[in-house]
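The structure appears below as structure tokens.
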Amino acid sequence: MGIDGNTILAESLKKQGVEYVFGIVGIPVIETSMAFQAAGLKYIGMRNEQAACYAAQAIGYLTGKPGVCLAVSGPGLLHCVGGMANAQVNAWPLLVIAGSCAEDHEGIGGFQEWPQVDSSRIYCKYTARPPSPRLIPLHVEKAVRLASAGRPGAAYLDMPGTLLMGEVEEEKVPSLYNAETVKLAHPDPALVSQAADLLAGAKRPLIIVGKGAAYARAEDALCKLVDETKLPFLPTPMGKGVVPDASAHCVSAARTQALLKADVILLLGARLNWMLHFGQAPRFDKDVKVIQVDISPEEFHNSVKSEVAVHSDIKPFAEALAQKLREKKFALPPSSEWWQLLREKQKANAEFVAAQANDTSPPLNYFAVFKTVQAAIPEDSIIVSEGANTMDIGRGMLLNNKPRHRLDAGTFGTMGVGPGFAVAAAMWCRDYAPNKRVVCVEGDSAFGFSGMEIETMFRYKLPVIIVIVNNNGIYSGFDKEVMDDIQADGDVTQSTPPTALSVQVRYEKMMEMFGETGHLCHTVEEIQVAIKAAIAVTDRPSIINILINPSSSRKPQAFNWLTESKL
Ligand code: ADP
Ligand code: MG
């Protein structure tokens, strides 16, 4: 009996454990999407390939198996490029599959013809066009394996229409294995001993927990390590929740001082890139000793030389280290000078935040908004967040007490990821944690990139709570009088500030497209009422549009990180 490329592709994905496909169909992948559904894959049709690609990588991060992004040829694939780069930079598993121009039309101006394999190569760990339907299973296995193994990343498979439609005899299709999951890489015991000695001898030790630790599912081991050793820890943005933000040992509120004064840092699944100020002075002590643990040895000594570099999965390392420190009966006394200093800084920060947050006079500031949102949402919500001030201030105030419960602009600083991530997170909740909610906290500018995914959420009945912190602009905006004034005469292209967006846009009215109503808020009480109503809705998204003071901003920074030059 004959079997076509679409069916072989669908069954190969299923065999490799792929569960979700996010995409947009058109020629030549309509039949492909149907074959996916027939094979039992979950297909979620989205409105923009970029958002679909963000959704597919978020599901990869949440489940540990790459999600698939399905796109059409040419422009469809090219719209995925930002998503592929984001997955690769974030080190999240992703498999993009795009249709491409029929092979016999190549070179003569075929429909949406584009060198898609070449175009994808720099974004991916693996790219291929299977040479025949028979060889599809081999390339699917390899793409899934490479996207997931070692440091995760993106893979791309190119599927010409002729390949998808091509038929072969079923007996001729090799039935491919599903490779065994690679056993966790364990640390060299000698390096664990060195790490334990260094930490035990330190005056000001600090643990940094990165999103690699979240991806490694090292939460139990790390909670135990922190609990037993009483060491202060600092999560990176998406490392939040591996050890709960509410832990007494979390020093996020003293971040600047913790980084600056630490003499030994245990770096677990985080890179010393811009997010951690390259591990260099003036943000770090120039003599700080770093114990670096990573699944990817290429990462060691990047930017600064690590004192101890341990090639290991985070989980077995954390277990082995805890055992060593237990043998030494090591714990950092709460009365130590280091803890006293950190606690002082935490207190000062808490006082600053409380003073801002307690000013609830409208138009509201960011702090008052986040304090209210934090108090109103379920404690175990998955928080998706993007925007400039919205993400930065929200990171400190919206707590994560569970691992992999924060999805944000990430290492690449990508705006426009929010709605796609939220679709994926809500699908994951539906299948794996039915009562959990997704709260998508967006700046007004960030929401604009992929706002139309609200229709996707509505179509698939995903109860995402979208909170838009609306300040009329990028970074900050202008209020009505000022905006009217600056646009009053002359050429609007000359007078309109590039950071400005329209004033008080009624984003919540997008719910009216579906015959529903959204929420417009100016006050703390209105936010409380709106969130309560949104939580009660379980079969569709909600939009809560909060109009804030357009000149509200963050705490003045001790260091101007982006413009610190080393030239
Ligand atoms: P963050 O943004 O939190 O600082 P990064 O994305 O910069 O985190 O770094 C994550 C690191 O974690 C990467 O260097 C990656 O190789 C590593 N990593 C991913 N999975 C594992 C794992 N299972 N065990 C150890 N390290 C891992
Ligand atoms: Mg804004």
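On inspection, G443 fails the criterion of being away from ligand 1 (no atom under 16 Å from the Cβ), within 30 Å of G64 (Cα to Cα) and surrounded by fewer than 21 Cβ atoms within 10 Å (Cβ to Cβ).
Can you tell which of E453, E442 is within 13 Å of ligand 2 (Cβ to nearest atom), of a type in the set (D, E, K, R), in contact with a helix residue (DSSP H, G or I) (Cβ under 6 Å, 6 or more places away or on another chain) and under 25 Å from A52 (Cα atoms)?
Details: E453 fails: within 13 Å of ligand 2 (Cβ to nearest atom).
It is E442.
Scanning the range 264-280 for residues that are crowded, with 20+ Cβ neighbours inside 10 Å, more than 18 Å from the chain's Cα centre (by Cα) and over 13 Å from S306 (Cβ atoms) yields no hits at all.
One residue alone among K261, K211 is away from ligand 2 (no atom under 16 Å from the Cβ) and surrounded by fewer than 19 Cβ atoms within 10 Å (Cβ to Cβ), and that residue is K261.
Checking each residue in the range 1-25 for being of a type in the set (G, A, S) and in a helix (DSSP H, G or I) picks out G5, A10, S12.
Just a yes or no: is a residue in the range 313-321 part of a loop (DSSP other than H, G, I, E, B) and buried (at least 21 other Cβ atoms within 10 Å of the Cβ)?
Among the residues of the range 313-321, at least one is part of a loop (DSSP other than H, G, I, E, B) and buried (at least 21 other Cβ atoms within 10 Å of the Cβ), which makes the answer yes.
With the requirement that a residue be buried (at least 18 other Cβ atoms within 10 Å of the Cβ), farther than 18 Å from N400 by Cβ and of a type in the set (S, T, N, Q), what does the range 219-258 give you? Within the range 219-258, T229, Q257 meet the criteria.
Applying a threshold of 9 Å to beta carbon distances and a minimum spacing of six or more residues, or different chains, the list of pairs starting in the range 466-481 at a residue that is aliphatic (A, V, I, L, M) and ending at one that is assigned to a loop (DSSP other than H, G, I, E, B) and within 16 Å of ligand 1 (Cβ to nearest atom) is empty. Within the range 354-413, the residues that satisfy the criterion of being in contact with a His (Cβ under 9 Å, 6 or more places away or on another chain) and either charged (D, E, K, R) or within 30 Å of A85 (Cα to Cα) (or both) are D380, S381, I382, I383. Quick check on the range 374-432: of everything there that is closer than 23 Å to A354 by Cβ and of a type in the set (D, E), which residue is nearest to ligand 1 (Cβ to nearest atom)? The residue in question is D392. Listed by first and then second residue, the pairs with beta-carbon distance under 6 Å, at least 6 apart or on different chains, first residue in the range 178-207 and under 30 Å from V18 (Cβ atoms), second of a type in the set (D, E), are L184/D313; A185/D313.
Against the condition over 24 Å from the mean Cα position of the chain (by Cα) and more than 18 Å from R343 (Cβ to Cβ), how does R283 come out, does it pass? So R283 passes the test. A residue that is farther than 21 Å from S361 by Cβ, modelled with pLDDT under 95 and in contact with a Lys or Arg (Cβ under 8 Å, 6 or more places away or on another chain) can be found somewhere in the range 548-559. Is the range 501-508 home to any residue that is in contact (Cβ under 8 Å) with a residue 24 or more places away in the chain, outside any loop (DSSP other than H, G, I, E, B) and either over 30 Å from P434 (Cα atoms) or among the β-branched types (V, I, T) (or both)? No, the range 501-508 contains no residue that is in contact (Cβ under 8 Å) with a residue 24 or more places away in the chain, outside any loop (DSSP other than H, G, I, E, B) and either over 30 Å from P434 (Cα atoms) or among the β-branched types (V, I, T) (or both). Tallying residues that are exposed (fewer than 14 other Cβ atoms within 10 Å of the Cβ) and in a loop (DSSP other than H, G, I, E, B) within the range 456-496 yields 6. Exactly one residue out of V304, V293 is part of a strand (DSSP E or B), surrounded by 15 or more Cβ atoms within 10 Å (Cβ to Cβ) and either of a type outside the set (F, W, Y) or within 16 Å of ligand 2 (Cβ to nearest atom) (or both), and it is V293. Tell me, yes or no, whether the range 473-480 has at least one residue that is over 26 Å from the mean Cα position of the chain (by Cα), among the basic types (K, R), farther than 24 Å from A425 by Cα and modelled with pLDDT of 95 or more. There is no residue in the range 473-480 that is over 26 Å from the mean Cα position of the chain (by Cα), among the basic types (K, R), farther than 24 Å from A425 by Cα and modelled with pLDDT of 95 or more. Close contacts from the range 383-412, counting a first residue that is in contact (Cβ under 8 Å) with a residue 40 or more places away in the chain and a second that is among the basic types (K, R) and within 15 Å of ligand 2 (Cβ to nearest atom), with Cβ to Cβ under 8 Å and a gap of 6+ residues or different chains, come to N389/R554; D392/R554; I393/R554.
Selection of the range 78-130 for residues being aliphatic (A, V, I, L, M), assigned to a loop (DSSP other than H, G, I, E, B) and closer than 26 Å to F421 by Cα yields A91, I122.
Please return the ranges of helices (runs of 4 or more DSSP H) entirely within the range 155-253 where 1 or more residues are within 16 Å of ligand 1 (Cβ to nearest atom).
Ranges flagged: 189-200, 211-215, 219-229.
The values are calculated or read from the model by the stated rules, or taken from the named source; none is laboratory data. Because the structure is a prediction, the values reported are computed rather than measured. All Cβ positions, glycine included, derive from the backbone under ideal geometry; neighbour counts span all protein chains shown.
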